[in-house]
1. For region 146-153, indicate whether the set of residues that are assigned to a loop (DSSP other than H, G, I, E, B) and closer than 15 Å to VAL228 by Cα is non-empty.
2. Please count how many residues of region 253-295 are more than 27 Å from the chain's Cα centre (by Cα), over 22 Å from ASP226 (Cα atoms) and without any contact (Cβ under 8 Å) to a residue 60 or more places away in the chain.
3. Does region 195-219 hold any residues that are away from the ligand (no atom under 13 Å from the Cβ) and either surrounded by 24 or more Cβ atoms within 10 Å (Cβ to Cβ) or of a type in the set (Gly, Ala, Ser) (or both), and which are they?
4. Check whether at least one residue in region 135-157 is touching a residue at least 60 places away in the same chain (Cβ under 8 Å), of a type outside the set (Ser, Thr, Tyr), out of contact with any Cys (no Cβ under 7 Å at 6 or more places or on another chain) and surrounded by fewer than 22 Cβ atoms within 10 Å (Cβ to Cβ), and report yes or no.
5. Suppose we filter region 108-127 for residues that are buried (at least 22 other Cβ atoms within 10 Å of the Cβ) and closer than 26 Å to THR154 by Cα; how many remain?
6. Please enumerate the residues belonging to region 347-361 that are surrounded by fewer than 20 Cβ atoms within 10 Å (Cβ to Cβ) and either β-branched (Val, Ile, Thr) or within 16 Å of the ligand (Cβ to nearest atom) (or both).
7. So which of TYR300, TYR245 is modelled with pLDDT of 95 or more and more than 30 Å from ASP12 (Cβ to Cβ)?
8. Across region 376-401, which residue is surrounded by the fewest Cβ atoms within 10 Å (Cβ to Cβ) among those that are aliphatic (A, V, I, L, M) and touching a helix residue (DSSP H, G or I) at 6+ places or on another chain (Cβ under 7 Å)?
Amino acid sequence: MTTNRYAETAPDVESIRADFPILRTQVNDSPLVYLDNAATTQKPRPVIEALTRYYETYNANIHRGLHTLSEQATAEYESARDRTAAFINAAQSHEVIFTKGTTDAINLVARAWGDSNVTSGDEIILTEIEHHSNLVPWQMLAHRRGEQLRFIPTDPEGHVDLVEFEKMLGKRTRIVAITHMSNVLGVITPVAELIRIAHANGIPVLVDAAQSVPHMRVDVQELDADFVAFSGHKMLGPTGIGILYGKESILNAMDPFIGGGSMIRVVELHESSWAGLPERFEGGTPNIAGAIGLGAAVDYINQIGINNITAHEMSLTDYALQQLHDLDSVRIFGPPDTANRGGVISFAVGEIHPHDIGTLLDTDGIAVRAGHHCAQPLMRKLEVPATVRASIYLYNTTDEIAQLVASISRAKEFFDGA
Ligand code: PMP
């Protein structure tokens, strides 16, 4: 048996685990082994406490009331924006728009930016490895505006072909929208290079960072990304809160998508004018608790250090890939080693249906995802109906990976004997 080459030094996983009450749960009489982090992550006590504190001590609507609680809620909501903006190194806090999540953020761009910048015959460039969230909104825009979707070729591990990409750019290309890390293959796309090439041709780029921001340092200014979308619940925060980062100049030129309270400057009976950033894109009462919870999640990640989290995950990913590779029957999708990938590991076990593997792992208390992972075109490209996916985060341990591998071996024996 190969051993883990990396020492589990930083971060101190046992003390991190103590912060996550759910990790003490038993599932089917076994301790929970939670390896479904690409779907959603667990919440540490400081995040849960931030939500409770808001509801128990200063619950109020924001930006409106002049009373003390409203002022406190507003200050905490805006502070969460500031800390999230700093986390991704946005130049200004108002470039960070609170949304419901990645899906909501990309739909906002496809509507608010797309409807006024895309016309019939234009082109939008995506890849075949996109999550449905970064595909369907552009298809819907195509139905409204008549543009064409084009797809950058990718190899079987999901690496994009930069040479072909450059050739695809033309006068009618309006935007490039691409995932930073595939939620199926784990592959990291060369977004910095893609952005450089796109910008050299005057074309903006949206980055679906749902799987990258929680796991690796993402600096929006260094990348020079025009839009970046991600979700709070995949980075230790609550569900129902996410971020659309947009460059100030682009956001300022966009009309709002959701009309209503808070996003206006002056409302007449027949006309209205819009508020500035970020309110223009946050019509209605927002997810105040969610934003405050996300702020606490950002603090938690900062306290451990995003680079330490990446190092820990890469150590476990390396170990998991080695161990899975050693199982004859396992086919791993995506890059076979840790170069250019994150801790999302999709695989198949012989001819056994992924759902059956998922069910058997669950009997051992191991939570993985089995399915198409909201990437049906990619499943077709891989010529599989579904995959099993184990995805790693800061609280996972080498021992949990060993349990996963042992459970897969048992599942294989069970089906071989059946
Ligand atoms: N893009 C990617 C790459 C994802 O992994 C996900 C979530 N699985 C999404 C977008 C959508 O995120 P949400 O459901 O939080 O909107």
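1. The answer is no; no qualifying residue exists.
2. Looking only at that region, the number is 12.
3. Within region 195-219, ALA198, ALA200, GLY202 qualify.
4. yes
5. Residues flagged as buried (at least 22 other Cβ atoms within 10 Å of the Cβ) and closer than 26 Å to THR154 by Cα within region 108-127 amount to 8.
6. Residues satisfying the conditions are ILE352, THR359.
7. Numbers: TYR300 fails: more than 30 Å from ASP12 (Cβ to Cβ).
Step by step, each of TYR300, TYR245 is checked, and only TYR245 is modelled with pLDDT of 95 or more and more than 30 Å from ASP12 (Cβ to Cβ).
8. The extreme case among them is ALA386.
The values are calculated or read from the model by the stated rules, or taken from the named source; none is laboratory data. All values derive from a computational prediction rather than experimental measurement. For neighbour counting, all protein chains shown are included, and Cβ atoms are generated from backbone atoms with ideal geometry for every residue, glycine included.
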